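Visitor: Pasting a structure below so you can have a look.
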Amino acid sequence: MSTSEKILSAAQAGSGQSGGLLRALRHRNYRLFFAGQGISLVGTWMQTMAQAWLVYRLSGSSLALGLVGFAGQIPVFLLAVFGGVVADARNRRAIMLWTQALSMFLALAAAALTLSGVVQVWHVMLLAVGLGVVNAFDIPARQAFVIDMVGRQDLHNAIALNSSMFNSARVLGPTLAGLLVPLVGEGWCFLLNGASYLAVMASLLLMRLPPDAPKPTGASAWRRVGDGLTFAAHHTAIRTVLLLTGLSSLLGTSYATLMPVFADRILGGGPGALGLLMGAAGLGAFGGAMLLAARRDSLGLGRWIIRAGVGFGLSLAVFSLSRQLWLSAALLAPVGFCMVVMMASANTLLQQTTPDGYRGRVMALFSMMVVGMSPFGALLAGALAHLIGPQLTVLAGGLACVAAAAGFRPGLTRCVAQ
């Protein structure tokens, strides 16, 4: 990153203050992770936008977009609990090295198919399934790995900075893809994404980590999955947060599946318009992440989750009514802002509430709710858009998110540590 030295010096300047905006960056391992993951995420978002446009170009169908979204994320729903068991039982850095290498291979395969001119929708769907399987093991390990890098004291700040990194890439990646796709095609975006995985792999190899603590052995994988489910079900705060984020993901976050349709049919644009819409949501999300990073503690997170959930649904409903490109982009900023405040606050609350021995499994359940419910939402959104149109589909999803957040308000505001 061209600004890494500025970020590092700012972090060091604030390292003596518990409330520093970038205080998690005082940890060497986290600085390496932040730089490597940031580069890789730009490539990931380039591929996300380019893949959506490729599927839409090949098929012209909102249903096909929903099917590809479903194929890419359903493995997380089915397999993430086993990924959580592995994250609790094995070396998390080693898991991530394997998952990054496999992700790089899949991106390069997509590039080869696209650049050779033989790519078809079923190729994209098959590669999406493969990446979903990889993510089912990568996401729980990566989420649980954060505390290994920064400790419990700086966990809240590190999660917020992760969100800022993710959403900075969410702005830059689609913007670059929107420029590259009309010039050189989608394949080059896939190729650049494949190369970007080298950065995060290098950062993992350069880390200096203490030896792994002894991990429990003896119980079967199914038994450990059952233990994790029982723990989450009997813990009020964890259960409530998981249910709310799962419903929000099912009903609301699948709006991204329909962005190519909005860009083309509703707003009369092309790849550049799609990049603008995705980047606007990312810009708002970056603002939400910075707001969370500036917080000195995690008190009141339950109220933040509820308010952000309501704001997310309302913003989404208003966005669905716009037919002007720049107005639509402006309306997506609060959508992104509220979404990241809700999800990052939920992540922090879960990690601070969960004992270390269950962390991988609880974060796997969180992945199932946030990522794993998205394929059902994508499939539902694609099918509904085919029947009633994309605008009514997104409007209904936004209003349903408002109802879900309001419904969970009493339970969440009573939870401990809020």
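Quick note: the coordinates plus some simple rules give every number you see, no bench work behind them. Values in this document were obtained by computation on a predicted structure and should not be read as measured data. All Cβ positions, even for glycine, are placed from backbone atoms using ideal geometry, and neighbour counts span all protein chains on display.
Visitor: Once R0 is set to 25 Å, what does the formula 1/(1 + (r/R0)^6) return for the Cβ-Cβ distance between Ala406 and Trp326, expressed as a FRET efficiency to the nearest 0.05? Could you put the intermediate results ahead of the total?
Guide: On the way: r = 31 Å, r/R0 = 1.24.
So, using R0 = 25 Å, E works out to roughly 0.20.
Visitor: If you don't mind, there's one more thing I want to ask. Using the 10 angstrom Cβ neighbour count as an exposure proxy, how do Ser249, Ser345 rank, fewest first?
Guide: Fewest-to-most ranking of Ser249, Ser345: Ser249, Ser345.
Visitor: Can you give me the long-range amide H partners of Gly269? Hydrogens built in the peptide plane at 1.01 Å from N, cutoff under 5 Å, separation of 5 or more residues or another chain.
Guide: Asp264
Visitor: At a Förster distance of 30 Å, what's the computed FRET efficiency of Arg265 paired with Leu179, Cβ-Cβ distance as r, to 0.05? Each step should come with its number before you reach the end.
Guide: Working: r = 22 Å, r/R0 = 0.74.
About 0.85, to the nearest 0.05.
Visitor: Would you mind ranking Thr236, Thr48 so that the residue whose beta carbon has the fewest other beta carbons within 10 Å leads the list? Can you show the working numbers first?
Guide: On the way: Thr236 14, Thr48 20.
Exposure proxy ranking, most exposed first: Thr236, Thr48.
Visitor: If the chain between Arg90 and Ala109 were fully stretched, how many nm would it gain, using 0.36 nm times the residue separation less the Cα-Cα distance? Each step should come with its number before you reach the end.
Guide: Working: separation 19, 0.36 × 19 = 6.84 nm, distance 2.85 nm.
Contour length minus Cα-Cα distance gives 4.0 nm.
Visitor: From the helices alone, meaning DSSP H stretches of at least four residues, give me the mean residue ellipticity at 222 nm for the chain, per-run term -39500 (n - 2.57), in deg cm²/dmol to the nearest 500.
Guide: Estimated from H runs of four or more residues: -27000 deg cm²/dmol.
Visitor: Would you mind ranking Val119, Val55 so that the residue whose beta carbon has the fewest other beta carbons within 10 Å leads the list?
Guide: Values: Val119 21, Val55 24.
Listed from fewest to most nearby Cβ atoms, that is Val119, Val55.
Visitor: Describe numerically, in nm with one decimal, the distance between label points set 7 Å from Cα along Cα→Cβ at His386 and at Leu78.
Guide: Distance between label points: 2.0 nm.
Visitor: Work out the FRET efficiency for Ala101 and Gln153 from their Cβ-Cβ distance, taking R0 = 30 Å, and round it to the nearest 0.05.
Guide: Numbers: r = 32 Å, r/R0 = 1.07.
Computed FRET efficiency for Ala101 and Gln153: 0.40.
Visitor: Okay, moving on. By the gyration tensor of its Cα atoms, with a ≥ b ≥ c the square roots of the eigenvalues, what is the shape of region 101-158: rounded for a/c under 1.5, prolate for a/b over b/c, or oblate?
Guide: prolate
Visitor: Under 10 Å, Cα contacts only: if you run a Gaussian network model on the chain, which one of Arg295, Arg92, Arg359 comes out with the highest mean-square fluctuation?
Guide: Between Arg295, Arg92, Arg359, it is Arg295 that shows the largest mean-square fluctuation.
Visitor: Here's another thing I want to ask about it. Looking at the chain as a GNM with Cα springs under 10 Å, which of Ala169, Ala109, Ala24 has the largest mean-square fluctuation?
Guide: Ala109
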